[in-house]
Amino acid sequence: MEQNVCKLILEDGACFVGKGFGAEKDAVVELVFNTSMVGYQEIMSDPSYTDQAVVMTYPLIGNYGINDDDYETKTPTMSGFVVRDYNDEPSNFRSKNSLQDIMKKYGIVGISDVDTRKLARHIREYGSCKALITRNDIGTEEAVKLLKDYNPPKDAVSRVTVKESYTAGDKANSSYHVVAIDCGMKANIVRMMVDKGCYVTVVPFDTTAEEILSYKPDGVFVSNGPGDPTDVTATISTIKNLIGKCPIFGICLGHQIISLAYGAKTYKLKFGHRGGNHPVKNLLTDKIEITSQNHSYAVDSHSVNGTGLEITHMNLLDNTVEGVRAKADFVSSVQYHPESAPGPQDSAYLFDGFIDMMKAWKEDK
């Protein structure tokens, strides 16, 4: 192929030809799409996108560059970006690097100049799929065979979790101590809890319940992260052993893990929810929130019956479960991202709810 020509080949044989940018290598990815108009830096650095290439439906990407403050993790693990127009000359007073330079640094491949509207429609019709991004002259038939034979790894959470625990916040002047189980946690979650007056101890995903309780936490948080929640058996076991022993709050993958710990089931959505404009109804207040979402899996609403959980939030686009709670156990979780980054801030109140839950637990005990 000509220099810089890049191909995106889907496992069903669909082929899109464009221009390569970012890391100069081949990548086998799970192809998904995101409808956010801004926030490509936060998306690129969100550990939940591990092993995935994101089709950005907003056409212009790269125009405001990359800054030093908006990373959601120090080492991005996303596989690729697929965009309509890539701008390599950013204009923003906060910009320190171009998107392409950071993608090269972390081995993230990119392809631009493709019809992302057609591609997003394709994913909506046929579902998220495996795909190959390549600058090599490989035929579609050969690529499809490669993709059909490829088995995606199931160790995504173990690759993105912290290796050793660390703390954030001012211990002496904090009202609550939260132990956060890191399954691929976004940095803004920790920032928001610290801003709410919490001292946070972040621990690896496979930390046991006994170890967590040894910290004497006022509450436990279960984070977002990549992959199939049923693969994260260590964290599911930990939550099972923590129920009733301290307040627990979960987000995204954490919501799915909590639901599995109670005996509910999860399933993979056809093309997932990714973007900053998803309407969710809070069934406890009848209020509607516009939410930021990024997930491939959901909790089966029928499986919640008889588990001790009640459904608290529902997605108004497809009626999927967006939140659950076990009030008597001081446990709650939501499927979406109240910390945003990027996205609307309608749901930030949920962190206040977690603090209220810890306060009530203290008073109750």
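The values are calculated or read from the model by the stated rules, or taken from the named source; none is laboratory data. Keep in mind that this is a model prediction, so the values were computed, not measured. All Cβ positions, even for glycine, are placed from backbone atoms using ideal geometry, and neighbour counts span all protein chains on display. Only protein heavy atoms, including side chains, enter the accessible area calculation; ligands, DNA and RNA are left aside. Shrake-Rupley method; radii C 1.70, N 1.55, O 1.52, S 1.80 Å.
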With respect to GLU142, determine if the residue is farther than 28 Å from VAL83 by Cβ, open to solvent by 80 Å² or more (accessible area, probe 1.4 Å) and among the charged types (D, E, K, R). no
Sort out which residues of region 306-330 are more than 21 Å from the chain's Cα centre (by Cα) and open to solvent by less than 40 Å² (accessible area, probe 1.4 Å), and write them in order of number. THR307, LEU309, ALA326, PHE330
Tell me which residues, restricted to region 1-52, are of a type in the set (D, E, K, R) and in a loop (DSSP other than H, G, I, E, B). GLU2, GLU11, ASP12, GLU24, LYS25, ASP26, ASP46, ASP51
Selection within region 194-210 - in contact (Cβ under 8 Å) with a residue 40 or more places away in the chain and farther than 16 Å from HIS177 by Cα: PRO204, PHE205, ASP206, THR207
Whether any residue in region 332-340 is part of a loop (DSSP other than H, G, I, E, B), closer than 22 Å to VAL157 by Cβ, at pLDDT below 95 and open to solvent by 10 Å² or more (accessible area, probe 1.4 Å) is what I want to check. no
Filtering region 65-93 down to residues that are over 26 Å from GLY184 (Cα atoms) and either in contact (Cβ under 8 Å) with a residue 24 or more places away in the chain or surrounded by 15 or more Cβ atoms within 10 Å (Cβ to Cβ) (or both) yields ARG84, ASP85, TYR86, ASN87, ASP88, PRO90, SER91, ASN92
Regarding region 25-34, can at least one residue be identified that is over 18 Å from TYR150 (Cα atoms) and out of contact with any helix residue (DSSP H, G or I) (no Cβ under 9 Å at 6 or more places or on another chain)? no
Test TYR297 against the criterion of being touching a residue at least 60 places away in the same chain (Cβ under 8 Å), part of a strand (DSSP E or B) and at negative phi, and give yes or no. yes
Select from region 60-100 the residues that are in contact with a strand residue (DSSP E or B) (Cβ under 7 Å, 6 or more places away or on another chain) and either among the β-branched types (Val, Ile, Thr) or assigned to a helix (DSSP H, G or I) (or both) and list them in ascending order. ILE61, ILE66, THR77, VAL82, VAL83, LEU99, GLN100
Please go through region 341-362 and pick out each residue that is at pLDDT 95 or above and in contact with a Gly (Cβ under 6 Å, 6 or more places away or on another chain). MET358
Output the residues belonging to region 314-365 that are among the small types (Gly, Ala, Ser) and more than 27 Å from ARG191 (Cβ to Cβ). ALA326, ALA328
From the list ASP218, ASP228, ASP286, pick out the single residue that is of a type in the set (Asp, Glu), open to solvent by 10 Å² or more (accessible area, probe 1.4 Å) and free of Cβ contacts under 8 Å to residues at least 24 places away in the same chain. ASP286
